[in-house]
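Data block below; observations after.
The values are calculated or read from the model by the stated rules, or taken from the named source; none is laboratory data. Fair warning: this is a prediction, and the values are worked out from it, not measured in the lab. Cβ placement follows ideal geometry from the backbone for every residue including glycine, while neighbour counts extend to all protein chains displayed. Note: areas computed on protein heavy atoms with side chains; ligands, DNA, RNA excluded. Shrake-Rupley method; radii C 1.70, N 1.55, O 1.52, S 1.80 Å.
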Amino acid sequence: MAGETQTISEYIVHHLTNLTYGKLPAGFEREDGSIVGQGGAWVMAHGGEESAAMGFTAIHVDSMLWSIGLGIIFCWMFRGVAKKAQAGVPSRTVNMVEMIVGFVDNTVRDTFHGRNKLVAPLALTIFVWVFLMNLMDLIPVDLVPKLLELAGVHYQKIVPSTDPNITMGMALGVFILMLYYSIKVKGMGFVKELTLNPFNHPVFIPVNLFMEVVGLLAKPFSLGLRLFGNMYAGEMIFILIAALFSAGIAWALPAGLLQIGWAIFHILVITLQAFIFMVLTIVYLSMAHEDH
Amino acid sequence: MNINLTLIGQMVAFVCFVAFCMKYVWPPILAAMQERENKIAEGLAAADRANHDLELAKEKAVERLREAKEEAAAIVDAANKRGNQLVEEAKQAAQVEAQRVKASAQAEIEQEANRAREQLRGQVAALSLAGAEKILGSSIDPKAHADLVDELAAQL
């Protein structure tokens, strides 16, 4: 909830600011009035202005930690099952994990027709990891930031997939794989695909190249930005609903109902976005494996 | 919402997790699932086979039962037949025996009758001699008239 000294917009901005660690350029005047000395300084950013000034040489500590932490949870859970997995009667956890694995395996089999040992584990990692990251959205928006604020950490975004760095990072990873397999599987065919499609004539090579490259680049961008956009919007609405609580006691009940309704609806969005990210990854890699 | 090193960090983390999943998570789980699938398929097949065997065994049992019943019926039939035969044979033997006994009895009766007749004949001869003696008042030399008397007796 918004504190007494915060306005609604401050409250929202505060919630949308990552905990950033980075290098401030020399000569930058910090929030407390001090000037950054020669050679810059690696510090925790205080507020959005400072983190913006850090440019590319900064890292979102919260996104990174939550993302890696959730990835480790995924690995730990699935590795535990993998160690226990045998053909006997499965326990409940094993059953759940196997259900997910079976689901991913089926999706990959349906969509991807090449032979590649990487695609299925990749799809599983993406699906579960993205799902877990999205799932953080269901934790009440103020709970973790407030607790951490009491511990002295001032900014915290706990949903990694509302950080474009995270979603674009994964999308770029997928993009690199797409390029790698396109070149590996098709070789010169890939160049032909880029230059002689859709107009199969040497004169049109520049046009073709432009169109194909744009089409190719659009894939990772749409992949990453779709997830980011959906999760960011969802998070935003959670924050707005949370802000309603500060509008007075009369708003408590409708805001609570809205919160519940949106959370229930969001369960669908979370799963759907994780699924879409996975399916698109499989489809893109499948396209990279197929000659036209 | 700045693009910064987090992007690279996430890519590195992504690669690490995918690699881990590919090496340590996916193969054992899928292998276990495959194995269980096979096991279940085998189990189902075995159950089918067992069912089939059961069916066959049931059929066989019914067949055996029918055979046994037939055999039993045949044995009873044979026994009945044999019994009847025995009775028949016994009847015949009894009849033959009866005939034999009757024949021998008749023969004896005839013998007795013949003997009685011979006796009677002798006595008649003696009586007729005695009668003739009385009528003639003289003795008749039996020796002289023996032929005559015998002839007479034979005529009786």
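Of note, A:Leu172 satisfies the criterion of being in contact (Cβ under 8 Å) with a residue 24 or more places away in the chain and open to solvent by 40 Å² or more (accessible area, probe 1.4 Å).
For region B:37-49, the condition of being of a type in the set (Asp, Glu), more than 10 Å from chain A (Cβ to nearest Cβ), part of a helix (DSSP H, G or I) and farther than 30 Å from A:Gly173 by Cα holds for at least one residue. Assuming A:Phe131 fulfils every condition listed in (1) open to solvent by less than 70 Å² (accessible area, probe 1.4 Å); (2) free of Cβ contacts under 8 Å to residues at least 12 places away in the same chain apart from one, which condition is it? Exception for A:Phe131: condition (2).
B:Asn4 meets each of the listed conditions (1) more than 8 Å from chain A (Cβ to nearest Cβ); (2) closer than 30 Å to A:Phe127 by Cβ apart from (1). Give me the pairs, please: first residue somewhere in region A:263-292 and open to solvent by 20 Å² or more (accessible area, probe 1.4 Å), second residue anywhere and assigned to a loop (DSSP other than H, G, I, E, B), beta-carbon distance under 6 Å, and either six or more positions apart or on two chains. Final answer for the pair search is A:His289/A:Gly114. Within region A:113-128, restricting attention to residues that are away from every other protein chain (no Cβ under 14 Å) and either open to solvent by 40 Å² or more (accessible area, probe 1.4 Å) or not small (Gly, Ala, Ser) (or both), the residue that is farthest from A:Ile241 (Cα to Cα) is A:Arg115.
Tell me, please, whether a residue that is of a type in the set (A, V, I, L, M, F, W, C) and not in a helix (DSSP H, G or I) can be found in region A:175-192. Within region A:175-192, not a single residue is of a type in the set (A, V, I, L, M, F, W, C) and not in a helix (DSSP H, G or I). Within region A:27-44, if we keep just the residues that are open to solvent by 50 Å² or more (accessible area, probe 1.4 Å) and under 22 Å from A:Trp66 (Cβ atoms), the residue that is nearest to the other protein chains (Cβ to nearest Cβ) turns out to be A:Trp42.
Restricting region B:23-36 to residues that are at the interface with chain A (Cβ under 7 Å from one of its Cβ atoms) and open to solvent by less than 70 Å² (accessible area, probe 1.4 Å), the residue that is farthest from A:Ala123 (Cα to Cα) is B:Arg36.
Is region B:76-92 home to any residue that is over 26 Å from the mean Cα position of the chain (by Cα), open to solvent by 100 Å² or more (accessible area, probe 1.4 Å) and either without any contact (Cβ under 8 Å) to a residue 60 or more places away in the chain or on the phi < 0 side of the Ramachandran plot (or both)? For region B:76-92, residues over 26 Å from the mean Cα position of the chain (by Cα), open to solvent by 100 Å² or more (accessible area, probe 1.4 Å) and either without any contact (Cβ under 8 Å) to a residue 60 or more places away in the chain or on the phi < 0 side of the Ramachandran plot (or both): absent.
Among the residues of region A:53-71, at least one is among the hydrophobic types (A, V, I, L, M, F, W, C), open to solvent by 10 Å² or more (accessible area, probe 1.4 Å), under 17 Å from A:Leu19 (Cα atoms) and at pLDDT below 85. Annotation: of all residues in region A:1-26 being at pLDDT 80 or above and small (Gly, Ala, Ser), the one that is least open to solvent (accessible area, probe 1.4 Å) is A:Gly22. Is it the case, given these coordinates, that A:Leu138 is within 12 Å of chain B (Cβ to nearest Cβ) and surrounded by fewer than 19 Cβ atoms within 10 Å (Cβ to Cβ)? Taking the combined requirement at face value, the residue does not satisfy it. So which pairs qualify, if the first residue must be in region A:136-157 and without any contact (Cβ under 8 Å) to a residue 60 or more places away in the chain, the second must be open to solvent by less than 60 Å² (accessible area, probe 1.4 Å), the Cβ gap must be under 7 Å, and the two must be at least 6 apart or on different chains? Within 7 Å, the pairs are A:Ile139/A:Ile158; A:Val144/A:Gln156; A:Val144/A:Ile158; A:Leu148/A:Gln156. Output yes when any residue across region A:18-36 is in contact (Cβ under 8 Å) with a residue 60 or more places away in the chain, under 25 Å from A:Thr167 (Cα atoms) and touching a Leu at 6+ places or on another chain (Cβ under 6 Å), and no when none is. No, region A:18-36 contains no residue that is in contact (Cβ under 8 Å) with a residue 60 or more places away in the chain, under 25 Å from A:Thr167 (Cα atoms) and touching a Leu at 6+ places or on another chain (Cβ under 6 Å).
Checking the condition buried (at least 17 other Cβ atoms within 10 Å of the Cβ) and without any contact (Cβ under 8 Å) to a residue 40 or more places away in the chain, which residue from A:Leu209, A:Leu223, A:Leu194 passes?
After ruling out the rest, the residue left standing is A:Leu194.
Residues of region A:79-99 that are within 25 Å of the chain's Cα centre (by Cα) and either facing chain B (nearest Cβ under 7 Å) or buried (at least 17 other Cβ atoms within 10 Å of the Cβ) (or both): A:Arg79, A:Val97, A:Glu98. Checking each residue in region A:151-176 for being in contact with a Pro (Cβ under 7 Å, 6 or more places away or on another chain) and either within 13 Å of chain B (Cβ to nearest Cβ) or at pLDDT 90 or above (or both) picks out A:Ile166, A:Ala171, A:Leu172, A:Val174, A:Phe175. Can you tell me which residue within region A:238-262, out of those that are touching a Leu at 6+ places or on another chain (Cβ under 8 Å) and farther than 16 Å from A:Val159 by Cβ, is least open to solvent (accessible area, probe 1.4 Å)? The extreme case among them is A:Ala255. All told, A:Lys186 meets the bar of being over 30 Å from A:Ser63 (Cβ atoms) and touching a residue at least 60 places away in the same chain (Cβ under 8 Å). Looking only at region B:52-61, decide whether some residue is part of a helix (DSSP H, G or I) and under 23 Å from A:Gly88 (Cα atoms). No.
The set of residues in region A:97-126 that are of a type outside the set (D, E, K, R) and outside any helix (DSSP H, G or I) comprises A:Phe112, A:His113, A:Gly114, A:Asn116, A:Leu118.
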